[in-house]
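K.L.:
Below you'll find the structure I mean.
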Amino acid sequence: MRRSPRSPITAVLLLLSCAAPAAAEPLPRRRPSTGPEQEMLDEAKRLVDQGRIADARDIHLTLWRLTKSASDAFRVGMLSFRLRDFQMAAEFLAIYFDMVGTPEAPKIWVPPGFKESYELARANFAEARRHVGAIEVRVSEPGAAVLVDGRQVGVSPLPHPVYVAPGQHRVGAQLAGRQVEVPAAVDAGGERTVWLVLRRADAEAPARPSTSKAAVPLGAAPPRAARDPALRWWTVGGLAATSVALGVVGGVSTAEANDAAGDRDAAFVRARWEAFRCRPGLPACDAYAEADGRARTFTALSVGAFIGAGLAAGGAVAAGFLLAPEATVRVGAMGGAPGAVLSFGW
């Protein structure tokens, strides 16, 4: 059988076409700048040449908000480093690294000399990190607005840490009316991870006591607010001291009343010997009147003191009961036998 002379050539061509590697897809490039954007770039370059670094950074920051390009993030970060705004320098250089990748494995098209500018950016980023802290925020749910010191820094999950000045900060998250905020402190050059859990609305709402009568067990008293122990002891102690003082006054008054009554009776006996009827001016009658007055006064004073002492003692007992924590009555087994247990907590 005769072979076709073109068969070996065809086989070689087919073999080469199969062995040739597929051409790599081109890396994405930044879209061409519009006229206004190019004017802003030219103006920023002119400001840098004049030494107006802050004004040039503001222009690139505006361009970053419009284009979200790696080159604008690079320029904002590098100009911020020159301004010694290490917080913004670290933030935008981290964004730049995330967008471009590395010289060995770039994520986008990079111009010639990219490795030199990349290494310079890495050195500036390392220096900026020495002056700022990094907080990595982890939120329990995606799509939550993440805030640091009241400023929104992104939406969870954040792709990179938040760079902040050293010190104490407030880190929070908000989503669908739910929010959480915690304090977080970080040192210069340090790192910290903050976990934020957004709880459900029903889990966050405090349990409300039921107002239904059926919900309260029979015989159970409603819970009372906690009392201040100092107030309780001052009240009980004051009333007890008052009761003791009034009891002492009552005892002294009783003794004085008895002495006055004895003097009055002795004066009355003497007066009977002087006259059948006491008249003012007679020594015995005057002594009788004076002793009778003292007896009546101290008798009344002793009675009032004893009544006051009793009231004060009763008040001390009532105050101690009312101001003490509620008593707990527990019905059940007491040891091996059934019974009721009454306990008071002080």
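The values are calculated or read from the model by the stated rules, or taken from the named source; none is laboratory data. Owing to the predicted nature of the structure, the values given are computational and were not obtained by experimental measurement. Here the Cβ positions follow ideal geometry from the backbone for every residue, glycine too, while neighbour counts run over all protein chains shown. Keep in mind that these areas ignore ligands, DNA and RNA; they rest on the heavy atoms of the full protein, side chains included. Shrake-Rupley method; radii C 1.70, N 1.55, O 1.52, S 1.80 Å.
K.L.:
If you check 122, 138, 151, 129, which single one turns out to be buried (at least 16 other Cβ atoms within 10 Å of the Cβ) and either among the basic types (Lys, Arg) or under 24 Å from residue 29 (Cα atoms) (or both)? If you could, list the steps in order and put the result at the bottom.
P.N.:
On the way: 122 fails: buried (at least 16 other Cβ atoms within 10 Å of the Cβ); 138 fails: buried (at least 16 other Cβ atoms within 10 Å of the Cβ); 151 fails: buried (at least 16 other Cβ atoms within 10 Å of the Cβ).
After ruling out the rest, the residue left standing is 129.
K.L.:
Scan the range 185-199 and report the pairs whose first residue is over 22 Å from residue 140 (Cβ atoms) and modelled with pLDDT of 90 or more and whose second residue is of a type in the set (A, V, I, L, M, F, W, C) and open to solvent by less than 40 Å² (accessible area, probe 1.4 Å), with Cβ atoms within less than 9 Å and a gap of 6+ or a chain change.
P.N.:
If the second residue must be of a type in the set (A, V, I, L, M, F, W, C) and open to solvent by less than 40 Å² (accessible area, probe 1.4 Å), the pairs left are 188/132; 189/132; 189/134; 190/134.
K.L.:
Where residues in the range 86-115 are open to solvent by less than 50 Å² (accessible area, probe 1.4 Å) and farther than 20 Å from residue 30 by Cβ, which of them is farthest from the chain's Cα centre (by Cα)?
P.N.:
Per the stated criteria, the residue is 89.
K.L.:
So, in the range 128-143, of the ones that are aliphatic (A, V, I, L, M) and in a strand (DSSP E or B), which residue ends up farthest from residue 165 (Cα to Cα)?
P.N.:
Pass one, the range 128-143, residues aliphatic (A, V, I, L, M): 128, 132, 134-135, 137, 139.
Next, from what is left, pick out any that are in a strand (DSSP E or B): 134-135, 137, 139.
Working: 134: 9, 135: 10, 137: 16, 139: 22 Å.
Applying the filter and picking the extreme gives 139.
K.L.:
Give the range 63-85 a look and list any residue that's among the hydrophobic types (A, V, I, L, M, F, W, C), at pLDDT below 90 and open to solvent by 40 Å² or more (accessible area, probe 1.4 Å), or say none.
P.N.:
66
K.L.:
Among the residues of the range 123-171, write down those that are of a type in the set (D, E, K, R) and in contact (Cβ under 8 Å) with a residue 24 or more places away in the chain. Walk me through it before giving the result.
P.N.:
Applying the first criterion (of a type in the set (D, E, K, R)) to the range 123-171 yields 127, 129-130, 136, 138, 141, 149, 151, 170.
Listed by number, the residues that qualify are 127, 129, 130, 136, 138, 141.
K.L.:
Okay, moving on. Residue by residue through the range 231-260, note down the ones that are over 23 Å from residue 295 (Cα atoms), open to solvent by less than 40 Å² (accessible area, probe 1.4 Å) and of a type in the set (A, V, I, L, M, F, W, C).
P.N.:
236
K.L.:
On the given criteria, is residue 60 more than 25 Å from residue 171 (Cα to Cα) and surrounded by 15 or more Cβ atoms within 10 Å (Cβ to Cβ)? Let's see the steps before the verdict.
P.N.:
Values: more than 25 Å from residue 171 (Cα to Cα): yes; surrounded by 15 or more Cβ atoms within 10 Å (Cβ to Cβ): yes.
Spelling it out, residue 60 is indeed more than 25 Å from residue 171 (Cα to Cα) and surrounded by 15 or more Cβ atoms within 10 Å (Cβ to Cβ).
K.L.:
Consider residue 160 against the criteria (1) within 21 Å of residue 98 (Cα to Cα); (2) part of a strand (DSSP E or B): it satisfies all of them except one. Which criterion is unmet?
P.N.:
(2)
K.L.:
Further question on the same structure: Considering each residue of the range 29-84, count those that are within 42 Å of the chain's Cα centre (by Cα), in contact (Cβ under 8 Å) with a residue 12 or more places away in the chain and not in a helix (DSSP H, G or I), and give that number. Give the steps one after another, and end with the answer.
P.N.:
Of all residues in the range 29-84, those within 42 Å of the chain's Cα centre (by Cα) come to 53-84.
Checking the rest, the ones that are also in contact (Cβ under 8 Å) with a residue 12 or more places away in the chain come to 53-54, 56-57, 59-64, 66-67, 69-83.
Add one more test, that the residue is not in a helix (DSSP H, G or I), and what stays is 69, 83.
Total satisfying the criteria: 2.
K.L.:
Could you list, in sequence order, all residues of the range 74-104 that are among the basic types (Lys, Arg) and farther than 12 Å from residue 128 by Cβ?
P.N.:
First pass over the range 74-104, keeping only residues among the basic types (Lys, Arg): 75, 82, 84.
The one that is among the basic types (Lys, Arg) and farther than 12 Å from residue 128 by Cβ: 75.
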